[in-house]
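Asker: This is the structure I want to talk about, given as structure tokens.
Just so it is clear, none of the values below were taken in a lab; they were calculated from the coordinates. Not measured: the values here are computed from a predicted model. Glycine gets a Cβ as well: all are built from the backbone with ideal geometry, and neighbour counts include every protein chain shown.
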């Protein structure tokens, strides 16, 4: 046979049934499953493919999966809050994608740091500008109870004296994992309708 000549092509006889027989099987869901599944005679309420829910429950579920935080960083806790949203801890896994810079776009206020009496009216104004429903996370000992500045004349003895707090994240400063745990607790509370 010459170099520039190719051998004649053989026709390939491919049967679908042969390919299905040769397909590997597995116990994992969705892989190697049979192609034909007998249809069920009717939908029964206890089957896995039927969901009963109210519109309120669906709205609570959707809100709990996409909190939009307003970062209110006042002291060293703000560094840990920024670290929680960075790539190592990745707060975006839980729906809190971007910290909003406007209170009118946020529904979760994270108060991170020491709140002074001078800053309290501004914090209250930002809280009032947030649309309903809204929630507050007090991050760190200073935001929760005044922290190490509890006996100072200028420090607020907890942010709950100005705005209602839903979740307290303890620590001085709390680690990013603690803030993520606080956001997960808030998600549970929102999902329950709180």
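Asker: Give the percent of DSSP beta bridges with both residues in the stretch 67-191 that are antiparallel, rounded to the nearest 5.
Answerer: Looking only at bridges with both residues in the stretch 67-191, the antiparallel portion is about 5 percent.
Asker: Which ordering of 54, 155 is given by a fewest-first count of other beta-carbon atoms within 10 Å?
Answerer: 54, 155
Asker: Measure out, as a whole number of angstrom, how far apart the alpha-carbon centroids of the stretch 50-71 and the stretch 88-164 sit.
Answerer: 22
Asker: Arranged by the count of other C-beta atoms within 10 angstrom, fewest first, what order do 181, 132 take?
Answerer: Listing 181, 132 from fewest to most nearby Cβ atoms yields 132, 181.
Asker: Related question: How far apart, in nanometres, would the label points at residue 152 and residue 82 be if each is projected 7 angstrom from Cα along the Cα-to-Cβ direction?
Answerer: Modelled inter-label distance: 2.0 nm.
Asker: Subtract the Cα-Cα distance of residue 56 and residue 122 from 0.36 nm times their separation in residues, and report this length gain in nm to one decimal.
Answerer: 20.5 nm
Asker: For a footprinting-style exposure proxy, rank 191, 99 by other Cβ within 10 Å, fewest first.
Answerer: Final ranking by Cβ density, sparse to dense: 191, 99.
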